[in-house]
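In what follows, a single structure is set out as C-alpha cells and then discussed.
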Amino acid sequence: MFDKEKWQEIFSSLKNNKMRTTLTVFGVFWGIFMLIIMLGLGMGFKSMIQEGFGDFATNSLLIWPQQTTKAYKGFPRNRRYMFTNEDVQTIKEKFPEIEFIAPKLRAFGSEGANNATRGTKTGAFSVEGTFPEYNLIDPSKIISGRFVNNVDIKEYKKVAVIGKYVKDVLFDKDENPIGEYIKINGIYFQVVGVLTKGASNISLGSDKDRSIVIPLTTFQKVYNRGNEVGFCAVTAVKEANIAQVQQKINTFLRSRHSIAPDDEQAVGGFNLAKEFKKIFKMITGIGILIWIVGTATLLAGVIGVSNIMLVVVKERTKEIGIQRALGATPFKIMNNIITEAIFLTASSGYMGIVLGVGVIELIKMIANNSGSDNPFFTHAGVNLNVALMALFILVIFGVFAGFIPAKRAISIKPIDALRDE
Amino acid sequence: MIELKGLHKSYITGNNKLHVLKGLDLIIEQGELISVMGSSGSGKSTLLNVLGILDSYDEGYYKLNNTLMNNLTEKKAAHYRNNMIGFVFQSFNLISFKNAMENVALPLYYQGVSRKKRNQIALEYLDRMGLKEWADHMPNELSGGQMQRVAIARSMISKPKVILADEPTGALDSTTSLEVMDLFREINSSGITIIIVTHEKDISEKTDRIIYLKDGIIESEFISKN
Ligand SMILES: Nc1ncnc2c1ncn2[C@@H]1O[C@H](COP(=O)(O)OP(=O)(O)OP(=O)(O)O)[C@@H](O)[C@H]1O
Ligand SMILES: [Mg+2]
C-alpha cells in the first residue's frame, strides 16, 4: 500500500516549493476552517431558536373577537361581540382535528391600582381566568402546588395559581404560600400553586411571573362577565392543517355571531404554526447558505490546488517523459498526480477541520465556564458526521483538482515531454 | 529483430511540413551492435525515437520482435518500452530526487517488482558498472561518466531486447567515452542488441556495423573490422 516511489515524488515537489505549497494549502485550509466555524455556530444558532420555542405547542393558533367591519342581518358595522363558553364547547365537539382548546379572560389592576392584597402586602397584577388545557398549549413551569383543574372549573372554586413574582411580593421569603389566602379585588382566593415561565421564550401577552391564574368559570362569576370568553388558544392534532382548522372555526364563529361570511376582520387570529414554519425555513435557509458559502470558499481553495498542480505538471514534464520512456503507464502518471492533489487538499483540509472543531470547542468551553446560558455559544458544535462529510467532499474535490492536470500530463507525447527543458 | 520497411516520418509545424525519414529500409538482427551516423538534422534521433516507440511514424512499417509497432495505445507502448527497450540519453535523464540505486530500479518498479527485490537487483547492476559505493548518492553528486553508467545500468535492468542510445558519449570526455563504449560492448556480448547514435568516428568504430543517414534514407553501410 505505502508506495515509496510515489510519495517520494509527491514530497520532492512539495519540498522544492515550500512557499508555494504553503500558500496553496492555506486556501483549502481556510475554506474548510470557515465552513466548520460557520457550521458550528449555525448549530448554536439553531439550538438557540429551538430552545426559545421550548415546549410551546407548535401546531397552534390564537383567536379572539374583534369589531365587525360589515353590516349584516340588521346589525350595524363596528359591532363588538364576545366569544362564549358555548362557542368553545361546540367548537371542541364539532371539530375532531382540534386537540385542545383553552379559553381565557383577563383583567388588569386598573391603571396602577393594586388588585391583590395579603395583609399589608399588596400589588398590581394581571388576573387571568382559564382552563386546565391552557397549560398544555402554552406550558408554565409549576414550581409548587398545581395548576387550575377541572374540579375548580366545575365547582367555581376560588383558587389561584400565582406567579413567582406575585409570591415574592405577597409572601415572606421562607413562607409557603400553598393553602394560604390572598385577596383579589376584595375577594378571598386560596393559593394552590406557584408558577413561572416555562421552557419557551414565547410570551403571549402578560408576564407569567407577574400574573395570577384562576379558573375561567370563577373569573366570569366574580367579574360579572356572564359566559364571555376573551380569546382562545387552540392546538390541532399533528396531522391536521392548522390554517384549514382556523378557516373552519372562523366560518363557524361568523355564522354563530351573525357576522357577514366575508368579514375576515371580525375574528382575529394568529397562526403560530405559520410563524414557526417561517422561522424553521429561515434556519434551514441559513444552513443551506452556510454550505453554499463554505463550499464556494473551499472550491476557491481547491481551484488553487488544481492550478498549482498544473504548474507542477508543467515543471515535471521532462521527468514524466523519462518515466514514460522507462515504462510508466498513463494510468500510473495520472494516479500519481491525482494522489498528490488529494494529499494536498485532504491534509490541509484535515488541519482546517481539526482547528475549526478546536475553536468551536474552545468557544463552548469558555461559554460553559463563564456560566453563560446562551445556547448560541453553549450549544455550538460540529458533529462527527458533518466533519466526515466535509473530509469526504475534500477528497472528491481533490480528485477533481488533480484530474485536469493529470490529463494534461498524459496528453503530451512522451517524446515531446522528454525534449522539454 | 528490428525490421523497418519504407518508413516515412514528417514533422508538421504550423503550415510547414518537414519530411525527415523518406522511405527507410533497415533490418537489424538480434545481438547486433550498431552505430548510426550522419550530419546534424539528418534524422538520426528521429529514427531512434521511432524505434523506441516514443514517437509515431507516417508510412511503412516497423516490426519489433515480429510485432507490428503501429497505432499502439499508450498503455501498450509503455508495456513494450518497459519490457523490450532500454534508453540511454545524451543528457543522462536521471530523476533528480532519487538516488543512484532507486534510479536504476525504476523500470522494475513499473513492472511491479517489490521494493526490496528491485533495489537488490539494482545494486548488482551498479556493481557491474563499478558504482556500488555510489548507490545512495543523488545524481547531482555524480560525475557525468558516473551518471551515464547509472543510466546504462537503468537501461539494462529490465533485460531488454534492445538498448537505444542517442549520443550517449556526447557529454563525456574521450577517455570516459571509450570506457562507456567498452561497457556497451560487454553488454552486447550478453546478447542484447544495441543501437548507438553518434557523431564521433572513434565511437562508431567500436561498433560492428555503421549506418550513414542522409536525406532521410540510408546512404551507406559499413561492417567494422572489429
Ligand atoms: N519535434 C520536432 N518538430 C519539428 N521538427 C523537428 C522535430 N524534431 C526534429 N525536427 C527536425 O527534424 C530534422 C531531423 O531531426 P533529428 O533530431 O532527427 O536530427 P539528428 O540527426 O538527430 O540531428 P543531430 O545530429 O543534430 O542530433 C531536423 O531538421 C529537426 O529540425
Ligand atoms: Mg539527434
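We did not get these values from a lab; they are worked out from the coordinates using the rules stated. The structure displayed is predicted, hence computed values, not measured ones. As a convention, Cβ positions derive from the backbone with ideal geometry for all residues, glycine included, and neighbour counts pool all protein chains shown.
Values computed for the structure shown
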item	result
In sequence order, calculated HN-Hα J values of region A:192-197 (Karplus, 6.51, -1.76, 1.60; Hz; x Gly/Pro)	10, x, 10, 10, 9, 5
Convex hull of Cα atoms in region A:3-156, direction-averaged projection (nm²)	24.0 nm²
Ranked A:SER206, B:SER174, criterion: other C-beta atoms within 10 Å, fewest first	B:SER174, A:SER206
Paired Rg and Dmax values of region B:106-226, which use every Cα atom, in angstrom	15.8, 49
Counting all C-alpha pairs of region A:186-292, share separated by more than 23 Å (%)	55 percent
Convex hull volume of chain B per residue (C-alpha atoms, cubic angstrom)	129 Å³
Folded to 0 to 90 degrees: helix B:100-111 orientation relative to chain B principal axis, Cα	60 degrees
A:SER12-B:ASN71 FRET efficiency (beta carbon distance; Förster radius 25 Å; 0.05 resolution)	0.10
Tilt relative to chain B, helix B:115-128 - C-alpha long axis, 0 to 90 degrees, to 10	80 degrees
Label point distance in nm, A:SER347-B:GLU221, each placed 7 Å from Cα along Cα→Cβ	5.5 nm
Rounded to 10°, Cα long-axis angle of helix B:144-156 versus longest principal axis of chain B	80 degrees
Most mobile listed residue (B:ILE152, B:ILE211, B:ILE27) in chain B, GNM with C-alpha springs under 10 Å	B:ILE27
Inter-chain Cβ neighbour average for residues B:73-82, partner chain, 10 Å	5
20 Å Cα-Cα reach of A:LYS141 towards lysines, excluding residues that sit fewer than 8 places from it in its own chain	A:LYS104, A:LYS164, A:LYS167, A:LYS173, A:LYS197, A:LYS208
Fraction in percent of alpha-carbon pairs per bin - 5 Å, region B:65-134	3, 14, 20, 23, 18, 11, 7, 3, 0
Gap separating the Cα centres of region B:1-35 and region A:270-339, nearest whole Å	46 Å
Inter-chain Cβ neighbour average for residues A:409-417, partner chain, 10 Å	3
Region A:60-273, relative contact order [Cα under 8 Å, separation at least 6], %	35 percent
Over 16 Å [Cα-Cα, region A:290-374], rounded percent	67 percent
Region A:286-421: relative contact order as a whole-number percent, Cα under 8 Å and 6+ apart	47 percent
Top positive-direction residue, dipole computed over region A:39-101 with Cβ charges, set A:GLY52, A:LEU62, A:PRO76	A:PRO76
Shape call, region B:41-171: gyration tensor on alpha carbons, a/c limit 1.5	oblate
Charge dipole of the protein assembly as shown about the Cα centre (unit charges at C-beta), most positive-ward option of A:ASN85, A:LEU41, A:PHE11	A:ASN85
Rg over Rh, two decimals, region A:60-273 (C-alpha only, Kirkwood Rh)	1.00
Lys, Arg +1 and Asp, Glu -1 on Cβ, resulting dipole of chain A about Cα centre, debye, nearest 20	620 debye
In sequence order, calculated HN-Hα J values of region A:131-143 (Karplus, 6.51, -1.76, 1.60; Hz; x Gly/Pro)	9, x, 4, 4, 6, 8, 8, 10, x, 9, 8, 7, 6
Using distinct alpha-carbon pairs, which all enter the 1/r mean, Kirkwood radius of the protein assembly as shown in Å	33.0 Å
B:ARG115-A:ASN383 FRET efficiency (beta carbon distance; Förster radius 51 Å; 0.05 resolution)	0.80
For B:HIS19, A:HIS379, order by how many other beta-carbon atoms lie within 10 Å, fewest first	B:HIS19, A:HIS379
At least 30 Å along the helix axis (C-alpha) and Kyte average at least 1.6, DSSP helices within chain A	A:384-411
Two-site FRET efficiency, A:ARG408 against A:GLN66, from Cβ-Cβ distance with R₀ of 60 Å, rounded to 0.05	0.25
Sequence-distant lysines (8 or more away, or on other chains) whose Cα lies within less than 16 Å of B:LYS161	B:LYS63
Amide H contacts of B:PHE87 (H built 1.01 Å from N, under 5 Å, at least 5 apart or other chain)	B:LEU164
Where GluC sites (Glu not before Pro) fall in DSSP loop in region A:232-321, at most 10 other Cβ within 10 Å	A:GLU239
For region A:258-404: span of alpha carbons on each principal axis (Å, largest first)	96, 48, 21
Dipole of the protein assembly as shown, positive end: most advanced residue of A:GLY381, A:LEU394, A:PRO330 [Cβ charges, Cα centre]	A:GLY381
Distance histogram in 5 Å bins (all Cα pairs of region B:178-220, percent per bin)	5, 19, 29, 23, 11, 10, 2
Chain A, relative contact order in percent, only Cα pairs under 8 angstrom and at least six apart counted	27 percent
